[in-house]
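Note sheet for the following structure.
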Amino acid sequence: MVQTLLKELESRDFISQGHTIHLAHMISDFGLSLGLNPKALTNLRLLAEFHDIGKVGIPEHILSKVGALTDEERTEIRRHCEIGHRIAMYSPELLNVADWILKHHEYWNGNGYPLGLEGEGIPLECRMFSIVEAYEVMTNDRPYRRAMSHSAALAEINRCSGSQFDPELVKAFLQFTENFAG
Ligand SMILES: [Fe+2]
(Lines give C-alpha, C1' and ligand atoms only; values in the text may rest on other atoms or scores of the structure.)
Protein backbone atom coordinates (compact mmCIF):
# COMPACT_ATOMS: atom_id res chain seq x y z
CA MET A 1 0.00 0.00 0.00
CA VAL A 2 2.76 2.41 0.95
CA GLN A 3 4.60 1.91 -2.33
CA THR A 4 1.35 2.59 -4.18
CA LEU A 5 0.89 5.89 -2.35
CA LEU A 6 4.47 6.89 -3.08
CA LYS A 7 4.05 6.11 -6.78
CA GLU A 8 0.89 8.20 -6.75
CA LEU A 9 2.79 11.17 -5.32
CA GLU A 10 5.65 10.74 -7.78
CA SER A 11 3.22 10.62 -10.68
CA ARG A 12 1.64 13.85 -9.46
CA ASP A 13 5.19 15.17 -9.33
CA PHE A 14 4.99 16.40 -5.74
CA ILE A 15 7.79 14.12 -4.67
CA SER A 16 10.65 13.74 -7.06
CA GLN A 17 12.16 10.31 -6.92
CA GLY A 18 15.63 11.71 -7.49
CA HIS A 19 15.18 14.01 -4.51
CA THR A 20 14.14 11.25 -2.11
CA ILE A 21 16.84 8.83 -3.29
CA HIS A 22 19.58 11.42 -2.93
CA LEU A 23 18.17 12.48 0.42
CA ALA A 24 18.14 8.86 1.63
CA HIS A 25 21.80 8.37 0.66
CA MET A 26 22.92 11.57 2.24
CA ILE A 27 21.09 11.20 5.56
CA SER A 28 22.33 7.66 5.87
CA ASP A 29 25.93 8.76 5.23
CA PHE A 30 25.47 11.58 7.74
CA GLY A 31 24.13 9.06 10.28
CA LEU A 32 27.13 6.83 9.64
CA SER A 33 29.46 9.77 10.31
CA LEU A 34 27.68 10.21 13.67
CA GLY A 35 28.27 6.55 14.52
CA LEU A 36 24.63 5.38 14.28
CA ASN A 37 24.01 1.65 13.92
CA PRO A 38 22.78 -0.07 10.72
CA LYS A 39 19.20 -0.38 11.98
CA ALA A 40 19.08 3.36 12.69
CA LEU A 41 20.49 4.08 9.23
CA THR A 42 17.79 1.93 7.62
CA ASN A 43 15.11 3.86 9.48
CA LEU A 44 16.66 7.19 8.46
CA ARG A 45 16.47 6.10 4.82
CA LEU A 46 12.79 5.22 5.32
CA LEU A 47 12.16 8.66 6.80
CA ALA A 48 13.87 10.29 3.82
CA GLU A 49 11.79 8.29 1.40
CA PHE A 50 8.40 8.67 3.09
CA HIS A 51 8.49 11.95 5.06
CA ASP A 52 5.97 13.65 2.74
CA ILE A 53 3.69 10.65 2.19
CA GLY A 54 0.88 12.64 3.88
CA LYS A 55 0.74 14.92 0.85
CA VAL A 56 -1.51 12.31 -0.78
CA GLY A 57 -4.23 13.75 1.45
CA ILE A 58 -3.76 17.37 0.33
CA PRO A 59 -5.75 18.75 -2.63
CA GLU A 60 -3.72 18.92 -5.79
CA HIS A 61 -4.57 22.56 -6.60
CA ILE A 62 -2.96 23.63 -3.30
CA LEU A 63 0.19 21.50 -3.70
CA SER A 64 0.76 22.72 -7.23
CA LYS A 65 -0.13 26.36 -6.62
CA VAL A 66 2.38 28.80 -8.04
CA GLY A 67 2.79 31.95 -5.99
CA ALA A 68 2.01 32.87 -2.40
CA LEU A 69 -0.27 30.64 -0.35
CA THR A 70 -3.16 31.99 1.69
CA ASP A 71 -3.20 31.28 5.43
CA GLU A 72 -5.86 28.61 4.89
CA GLU A 73 -3.79 26.92 2.19
CA ARG A 74 -0.71 26.97 4.40
CA THR A 75 -2.68 25.39 7.24
CA GLU A 76 -3.97 22.77 4.81
CA ILE A 77 -0.46 21.87 3.57
CA ARG A 78 0.82 21.63 7.12
CA ARG A 79 -1.65 18.82 7.73
CA HIS A 80 0.61 16.52 5.68
CA CYS A 81 2.59 15.72 8.85
CA GLU A 82 -0.46 14.40 10.72
CA ILE A 83 -1.87 12.65 7.66
CA GLY A 84 1.51 10.99 7.03
CA HIS A 85 1.70 9.96 10.67
CA ARG A 86 -1.70 8.29 10.45
CA ILE A 87 -0.77 6.45 7.24
CA ALA A 88 2.51 5.25 8.79
CA MET A 89 0.74 4.04 11.96
CA TYR A 90 -1.31 1.69 9.80
CA SER A 91 1.63 0.48 7.68
CA PRO A 92 3.80 -2.17 9.33
CA GLU A 93 6.80 -1.18 7.18
CA LEU A 94 6.56 2.47 8.31
CA LEU A 95 5.59 2.03 11.94
CA ASN A 96 9.19 2.67 13.09
CA VAL A 97 9.25 6.09 11.44
CA ALA A 98 5.65 7.20 12.10
CA ASP A 99 6.68 9.50 14.96
CA TRP A 100 9.43 11.10 12.86
CA ILE A 101 7.06 11.66 9.93
CA LEU A 102 4.85 13.59 12.36
CA LYS A 103 7.76 15.71 13.57
CA HIS A 104 9.82 16.37 10.41
CA HIS A 105 8.92 20.10 10.27
CA GLU A 106 9.74 21.05 13.86
CA TYR A 107 12.28 23.84 14.53
CA TRP A 108 14.98 23.83 17.20
CA ASN A 109 13.59 27.13 18.59
CA GLY A 110 10.01 25.84 18.81
CA ASN A 111 8.70 27.77 15.80
CA GLY A 112 8.10 24.71 13.63
CA TYR A 113 4.95 22.60 13.23
CA PRO A 114 2.74 20.70 13.90
CA LEU A 115 3.55 20.45 17.62
CA GLY A 116 5.93 23.37 18.21
CA LEU A 117 8.45 21.06 19.92
CA GLU A 118 11.75 22.59 20.99
CA GLY A 119 15.41 21.55 21.22
CA GLU A 120 16.03 17.96 22.21
CA GLY A 121 12.27 17.46 22.54
CA ILE A 122 12.52 16.92 18.78
CA PRO A 123 13.78 13.43 17.89
CA LEU A 124 17.46 13.40 16.82
CA GLU A 125 16.50 11.82 13.49
CA CYS A 126 14.12 14.70 12.70
CA ARG A 127 16.78 17.26 13.64
CA MET A 128 19.21 15.52 11.29
CA PHE A 129 16.59 15.25 8.58
CA SER A 130 15.73 18.94 8.50
CA ILE A 131 19.38 19.92 7.94
CA VAL A 132 20.00 17.35 5.23
CA GLU A 133 16.73 18.14 3.48
CA ALA A 134 17.41 21.88 3.51
CA TYR A 135 20.83 21.24 1.97
CA GLU A 136 19.42 18.91 -0.65
CA VAL A 137 16.60 21.32 -1.59
CA MET A 138 18.90 24.33 -1.83
CA THR A 139 21.56 22.62 -3.93
CA ASN A 140 19.10 21.36 -6.55
CA ASP A 141 17.14 23.20 -9.22
CA ARG A 142 13.50 23.88 -8.46
CA PRO A 143 10.85 24.95 -10.98
CA TYR A 144 10.95 28.46 -9.49
CA ARG A 145 14.69 28.93 -8.91
CA ARG A 146 18.15 27.70 -9.80
CA ALA A 147 20.26 25.59 -7.47
CA MET A 148 22.48 27.32 -4.92
CA SER A 149 26.17 26.50 -4.69
CA HIS A 150 27.43 24.08 -2.05
CA SER A 151 29.04 26.89 -0.06
CA ALA A 152 26.00 29.22 -0.28
CA ALA A 153 23.78 26.39 0.98
CA LEU A 154 26.12 25.69 3.90
CA ALA A 155 26.21 29.39 4.76
CA GLU A 156 22.42 29.46 4.85
CA ILE A 157 22.30 26.37 7.10
CA ASN A 158 24.84 28.01 9.38
CA ARG A 159 22.72 31.18 9.48
CA CYS A 160 19.73 29.14 10.71
CA SER A 161 21.78 27.27 13.33
CA GLY A 162 20.08 27.69 16.71
CA SER A 163 16.79 28.87 15.18
CA GLN A 164 15.66 26.26 12.68
CA PHE A 165 18.47 23.76 13.27
CA ASP A 166 20.21 22.06 16.20
CA PRO A 167 23.55 23.95 16.49
CA GLU A 168 25.57 20.85 17.45
CA LEU A 169 24.21 18.95 14.47
CA VAL A 170 24.94 21.89 12.17
CA LYS A 171 28.58 21.71 13.28
CA ALA A 172 28.62 17.97 12.64
CA PHE A 173 26.98 18.46 9.25
CA LEU A 174 29.54 21.06 8.18
CA GLN A 175 32.29 18.65 9.13
CA PHE A 176 30.52 15.80 7.33
CA THR A 177 30.14 17.78 4.10
CA GLU A 178 33.85 18.57 4.09
CA ASN A 179 34.38 14.89 3.41
CA PHE A 180 31.32 14.50 1.23
CA ALA A 181 32.05 14.51 -2.45
CA GLY A 182 28.52 15.11 -3.59
FE1 LIG B 1 7.19 17.79 4.66
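The values are calculated or read from the model by the stated rules, or taken from the named source; none is laboratory data. Just so we're clear, the structure is a prediction, and the values are computed from it rather than from any experiment. FYI the Cβ positions are ideal-geometry reconstructions off the backbone, even for glycines, and counts take in every protein chain you see. Surface accessibility is based on the protein's heavy atoms, side chains included, excluding ligands, DNA and RNA. Shrake-Rupley method; radii C 1.70, N 1.55, O 1.52, S 1.80 Å.
Overview of results
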item	result
Residue list for the stretch 52-105, restricted to those being of a type in the set (K, R) and farther than 13 Å from V2 by Cβ	K55, K65, R74, R78, R79, K103
Test: residue in the stretch 84-103 that is within 11 Å of the ligand (Cβ to nearest atom), buried (at least 18 other Cβ atoms within 10 Å of the Cβ), free of Cβ contacts under 8 Å to residues at least 60 places away in the same chain and more than 23 Å from C160 (Cα to Cα)	yes
Within the stretch 110-137, tally of residues that are assigned to a helix (DSSP H, G or I) and surrounded by 17 or more Cβ atoms within 10 Å (Cβ to Cβ)	12
Residue within the stretch 22-39 that is under 21 Å from P143 (Cβ atoms), assigned to a helix (DSSP H, G or I), modelled with pLDDT under 95 and open to solvent by 20 Å² or more (accessible area, probe 1.4 Å) present	yes
Residue in the stretch 63-74 that is away from the ligand (no atom under 16 Å from the Cβ) and open to solvent by less than 50 Å² (accessible area, probe 1.4 Å) present	no
Members of the stretch 40-58 found to be more than 12 Å from the ligand (Cβ to nearest atom), open to solvent by less than 50 Å² (accessible area, probe 1.4 Å) and not hydrophobic (A, V, I, L, M, F, W, C), listed by number	N43, G57
